[in-house]
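*Asks:* Just dropping this structure here.
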Amino acid sequence: MSANASPSGQQPTATYDSAFLKACRREAVPHTPVWFMRQAGRSLPEYRKVREGIPMLESCMRPELVTEITLQPVRRHNVDAAIYFSDIVVPLKAVGIDLDIKPGVGPVVGQPIRTRADLARLRDLTPEDVSYVTEAIGLLTRELGTTPLIGFAGAPFTLASYLVEGGPSRTYENAKAMMYGDPQLWADLLDRLAGITAAFLKVQIEAGASAVQLFDSWAGALAPADYRKSVMPASVKVFEAVAGYGVPRIHFGVGTGELLGLMGEAGADVVGVDWRVPLDEAARRVGPGKALQGNLDPTVLFTDKDTVEAKAGEVLDAAAGLEGHIFNLGHGVMPNTDPDALTRLVEYVHTATAR
């Protein structure tokens with residue numbers, strides 16, 4: 001374990017007193033911290049330039065490129081945290097799953113996992129499988145100084161859905177058919193993925209990440225009873241595996257308004273909220289003892305400055321009574337977003353909440 005994290009919960013001194021980590025711990029902050037999901041990416045011309053001609057998965061495995069891309073939005077927008085540039089399928093690729101990220105489509109799996117025999121293809125992840133992650137985070141933490149780095153991974157349900165469907169899906173028909181029709185195979189698949197995900201997060205924390213976020217992008221497709229029975233145990237396993245490091249754990253899903261209480265119960269310190277539920281109502285659903293993250297609708301950024309500030313002000317008003325609040329969008333930055341709109345939004349939130 002690195003000096004950056006320990007089971008006693010001691011954070012790196014450089015980032016411990018940052019507004020972002022204070023908000024995660026529900027402590028008083030100098031201003032509401034801001035970062036954006038997908039802040040490093042297609043909305044930035046400098047990102048498109050450095051990624052030109054380099055396939056997505058390859059770009060995730062080049063430490064110096066990962067470092068540059070992760071730092072770009074910190075330089076440009078003055079956000080309060082960086083998020084490690086990667087993709088949720090990177091650990092699957094690292095353990096030998098035949099997959100690729102196809103432009104305009106997303107991750108595509110060569111041989112979907114549909115039977116018990118297929119499970120054997122999911123071996124354990126070792127730090128050596130993702131040595132480029134350790135190298136990149138070492139480079140990043142030196143560059144970032146007092147700015148925290150958020151590590152991340154895809155949650156077991158979302159990874160399982162990609163593996164069973166073979167790619168993106170709107171209906172999740174194969175994944176849900178396995179969940180309902182062969183619950184033991186489904187449980188074993190999610191348990192295996194929880195181990196891989198936990199190992200991937202541990203690598204990031206031990207290399208110097210100050211917090212981690214688990215993305216359950218597709219969990220909104222589930223009814224609460226199905227989430228509790230068939231998905232939550234695997235998410236709990238991931239959060240428990242990294243609990244001893246003392247770094248804040250964030251849990252986010254899309255369309256998960258009905259699941260917010262359960263997502264907090266799974267073990268997160270911070271629950272991410274999409275734009276469909278106001279933060280004051282989200283706080284009621286999640287219950288006490290958790291910080292919240294969110295939740296401006298990403299499409300608001302396509303309007304004028306006054307409208308963006310008015311809508312951001314509504315988010316801040318709804319968050320006024322929260323124990324801890326990290327300002328973010330309700331989903332990722334859209335590719336056609338004007339980067340200057342993001343920069344102005346960060347400045348607005350910092351100014352409006354200065355204490």
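*Asks:* May I ask you to list the residues in segment 228-241 that are surrounded by fewer than 24 Cβ atoms within 10 Å (Cβ to Cβ) and either of a type outside the set (Lys, Arg) or in contact with a helix residue (DSSP H, G or I) (Cβ under 7 Å, 6 or more places away or on another chain) (or both)?
*Replies:* ARG228, SER230, MET232, PRO233, VAL236, LYS237, PHE239, GLU240, ALA241
*Asks:* Do you know which residues across segment 9-43 are modelled with pLDDT under 95 and open to solvent by 30 Å² or more (accessible area, probe 1.4 Å)?
*Replies:* Scanning segment 9-43 gives GLN10, THR13, ALA14, ARG42.
*Asks:* Just need a number here: residues in segment 320-341 that are in contact with a strand residue (DSSP E or B) (Cβ under 9 Å, 6 or more places away or on another chain) and either part of a helix (DSSP H, G or I) or open to solvent by less than 10 Å² (accessible area, probe 1.4 Å) (or both).
*Replies:* Adding up the residues that qualify gives 6.
*Asks:* Please state which of the following conditions ILE101 fails to meet, knowing it meets all the rest: (1) under 19 Å from LEU139 (Cα atoms); (2) at pLDDT below 95.
*Replies:* All conditions pass for ILE101, except number (1).
*Asks:* Kindly check whether there is at least one residue in segment 327-345 that is hydrophobic (A, V, I, L, M, F, W, C), free of Cβ contacts under 8 Å to residues at least 60 places away in the same chain and more than 16 Å from HIS77 (Cα to Cα).
*Replies:* no
*Asks:* Return the total of residues in segment 44-60 being more than 18 Å from the chain's Cα centre (by Cα) and open to solvent by less than 20 Å² (accessible area, probe 1.4 Å).
*Replies:* Going through segment 44-60 one residue at a time, the tally reaches 3.
*Asks:* Give segment 193-208 a look and list any residue that's more than 15 Å from the chain's Cα centre (by Cα), of a type outside the set (A, V, I, L, M, F, W, C) and either buried (at least 22 other Cβ atoms within 10 Å of the Cβ) or modelled with pLDDT under 95 (or both), or say none.
*Replies:* GLY208
*Asks:* So how many residues does segment 212-261 have that are closer than 21 Å to ARG192 by Cα, part of a helix (DSSP H, G or I) and over 14 Å from the mean Cα position of the chain (by Cα)?
*Replies:* 15
*Asks:* Only one of these conditions is not met by SER169: (1) touching a Phe, Trp or Tyr at 6+ places or on another chain (Cβ under 9 Å); (2) over 30 Å from PRO33 (Cβ atoms); (3) surrounded by 21 or more Cβ atoms within 10 Å (Cβ to Cβ). Which number is it?
*Replies:* Going through (1) touching a Phe, Trp or Tyr at 6+ places or on another chain (Cβ under 9 Å); (2) over 30 Å from PRO33 (Cβ atoms); (3) surrounded by 21 or more Cβ atoms within 10 Å (Cβ to Cβ) one by one, SER169 breaks only (3).
*Asks:* Separate question: On the given criteria, is THR134 touching a residue at least 12 places away in the same chain (Cβ under 8 Å), polar (S, T, N, Q), open to solvent by 10 Å² or more (accessible area, probe 1.4 Å) and assigned to a helix (DSSP H, G or I)?
*Replies:* Yes, satisfied.
*Asks:* Filtering segment 104-125 down to residues that are β-branched (Val, Ile, Thr) and in a loop (DSSP other than H, G, I, E, B), which residue is most open to solvent (accessible area, probe 1.4 Å)?
*Replies:* VAL105
*Asks:* Return the total of residues in segment 62-89 being part of a helix (DSSP H, G or I), surrounded by fewer than 23 Cβ atoms within 10 Å (Cβ to Cβ) and under 16 Å from the mean Cα position of the chain (by Cα).
*Replies:* The number of residues fulfilling the criteria is 0.
The values are calculated or read from the model by the stated rules, or taken from the named source; none is laboratory data. What you see is a predicted model; the values in this text were computed from it and never measured. Methodologically, a virtual Cβ is constructed for each residue, glycine included, from the backbone with ideal geometry; neighbour enumeration extends over all protein chains shown. In case anyone asks, the SASA skips ligands and DNA or RNA and just uses the protein heavy atoms, side chains included. Shrake-Rupley method; radii C 1.70, N 1.55, O 1.52, S 1.80 Å.
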